[in-house]
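Okay, so here's the structure we're looking at.
Any read-out appearing in this document is the output of simple, stated calculations on the displayed coordinates, not a laboratory observation. Just so we're clear, the structure is a prediction, and the values are computed from it rather than from any experiment. Cβ placement follows ideal geometry from the backbone for every residue including glycine, while neighbour counts extend to all protein chains displayed.
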Amino acid sequence: MAAIKNKDVVKRARTFAKPFCVTDGKKFKLKDFDPNETMGLEAEDKPRAKEALTSGVKVLAELQDMLYAQDNWGLLLVFQAMDAAGKDGAIKHVMSGVNPQGCQVFSFKGPSAEDLDHDYLWRCIRCLPNRGNIGIFNRSYYEETLVVRVHPEYLSRQKVPPSLITKRVWDERFEDIRCFERYLSRNGIKVVKFFLNVSKNEQKKRFLLRAERPEKNWKFSASDMAERGFWNDYQKAYEDMIRNTATPESPWYVVPADNKWFSRVVVAAAVIESLSELNLAYPKVDAKKLAEIAEAKKALLASK
Ligand code: ATP
Ligand code: MG
C-alpha cells in the first residue's frame with residue numbers, strides 16, 4: 001500500500017479533493033461551484049493551509065518516487081483556466097518538491113503551421129508522459145473545445161476537410177477526447193483534469209495588478225483583455241466540456257481559484273488522491289536478487 005506512514009496526509013487530502021471532483025458530467029452545472037469556496041477556512045488560516053501544502057508536497061514527492069520506481073503507471077495532469085486564474089503558480093507550488101527527473105511540463109499555445117498540418121491531438125500525443133512519470137499540460141487539446149469553439153474562425157483555419165465540419169463537430173470532439181482518455185487509462189496512463197475556476201471579478205483584480213505593478217507588467221496582455229470580453233461564451237464552453245468529458249477514469253477537478261492559497265491546497269490534494277488510487281508500491285526484490293545484494297554487501301565490507 002502507498003506510504004502507510006503518510007496515511008493521515010492521504011486521508012486529509014481526500015477531504016480537500018473530493019468535494020471538487022466531477023466523475024460524472026451529466027448533471028454538472030458550473031453555478032454549483034463557487035470560485036470563492038474555502039471549505040470554511042478564513043484568511044487567518046492561511047499559515048495552516050501553507051503547512052498543509054508543505055506536508056502534502058512531501059507526500060506527493062514520496063508517491064512520485066514510487067511511481068518512478070514501479071515504472072508501470074504514468075500520470076497526466078491537464079490544467080485549463082481563464083487567464084490569470086493561477087495555472088502557472090499552482091503548477092509551480094504543487095510540483096515544487098517533485099524530482100524533476102520524473103516530471104515534464106508542456107504549455108500549449110496557438111497551433112503552429114506544423115501543428116495545423118496534423119490532426120489536433122497530434123502535438124499533445126507527442127508530449128504524453130512516459131510510464132513512471134508525471135506529465136503536466138498547461139492548456140491542452142481541450143482548447144479545441146474552448147477557444148476554438150468561442151472563435152469558430154479558428155476552426156476554419158484548421159485545414160480539416162470542410163465536409164467533416166458539421167453542427168455535430170463539438171459532440172464529436174468530446175466523444176473522441178473521451179475515447180482517447182479511456183484508451184490512455186486502459187494503458188496505464190491516468191489523465192486527471194483541473195479547471196481553475198476564477199470569478200470574473202477576481203480576474204479583473206488580477207489584471208489590474210498586472211497593469212499597476214511594474215514587476216507584473218510583463219504578464220499584462222491585450223489579448224487576455226480581449227478574451228475577457230467573451231467571458232460568458234467561455235463559461236458555457238467550460239461547462240459543456242466538463243459535462244461531456246468528466247468520467248470515473250478521467251475526472252475533472254473544478255478548483256475554486258479566487259484564493260490562490262486554497263486552490264493550491266486543493267490541487268495538491270487532488271494529485272495525492274490520484275496517485276494514492278494507483279496503489280503504488282516499490283518493486284519487490286526476488287530471492288535471487290536479495291542473495292546478490294547480500295553477496296555484494298559482504299564483498300564491500302571485506303574490501304579496503
Ligand atoms: P498566462 O496565464 O500567463 O496568460 P497562457 O496559458 O494564457 O498563460 P498565453 O501565451 O497567454 O499563455 O496564451 C496561450 C493562448 O493560446 C491562449 O489564449 C490559448 O487559448 C491559445 N491556444 C491554445 N491552444 C490553442 C488552439 N488549439 N487553438 C487556438 N488557440 C489556442
Ligand atoms: Mg494568456
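Points worth noting:
- Taking a sphere under 12 Å around the Cβ of H93 and counting the other residues whose Cβ falls inside, with K and R at +1 and D and E at -1, yields a net charge of +4.
- Here the stretch 220-304 is treated as a sphere whose radius is the Kirkwood value from Cα pairs; by Stokes-Einstein at 10 °C and 1.306 mPa s it diffuses with a coefficient of 86 µm²/s.
- The packing ranking of peptides 140-146, 150-156, highest mean first, is 140-146, 150-156, where packing means the average number of other beta carbon atoms within 10 angstrom of each residue.
- Computed over the alpha carbons of the stretch 7-302, Rg followed by Dmax gives 21.1, 76 Å.
- Other residues whose C-beta falls under 12 angstrom from the C-beta of K46 contribute a net charge of 0, scoring Lys and Arg +1 and Asp and Glu -1.
- Backbone amide hydrogens, once placed in the peptide plane, bring C103 within less than 5 Å of I134, excluding anything fewer than 5 places away on its chain.
- Pairs of C-alpha atoms in the stretch 21-100 farther apart than 18 Å represent 62 percent of all such pairs.
- Sequence ranges 202-209, 23-30, ranked by mean other-Cβ count within 10 angstrom, highest first: 202-209, 23-30
- Cα-based shape type of the stretch 24-68, given that a ≥ b ≥ c are square roots of the gyration tensor eigenvalues and the cut on a/c is 1.5: oblate
- Global size of the stretch 96-197: 14.9, 49 Å for Rg and Dmax (C-alpha atoms, Rg to one decimal, Dmax whole).
- Two-decimal Rg to Rh for the stretch 175-265 - Kirkwood Rh, Cα set: 1.07
- A simple packing score, the average count of other Cβ atoms within 10 Å per residue, orders the peptides 253-264, 113-124 as 253-264, 113-124, with the highest score first.
- Note, ³J(HN,Hα) from phi for the stretch 171-180, Karplus 6.51, -1.76, 1.60, rounded to Hz, x at Gly and Pro: 4, 5, 5, 4, 4, 5, 5, 4, 5, 4
- With respect to the chain, whose longest principal axis is taken over its alpha-carbon atoms, helix 46-70 is tilted by about 60°.
- Estimated purely from DSSP H runs of n ≥ 4, each contributing -39500 (n - 2.57), the mean residue ellipticity at 222 nm for the chain is -15000 deg cm²/dmol once divided by its residues.
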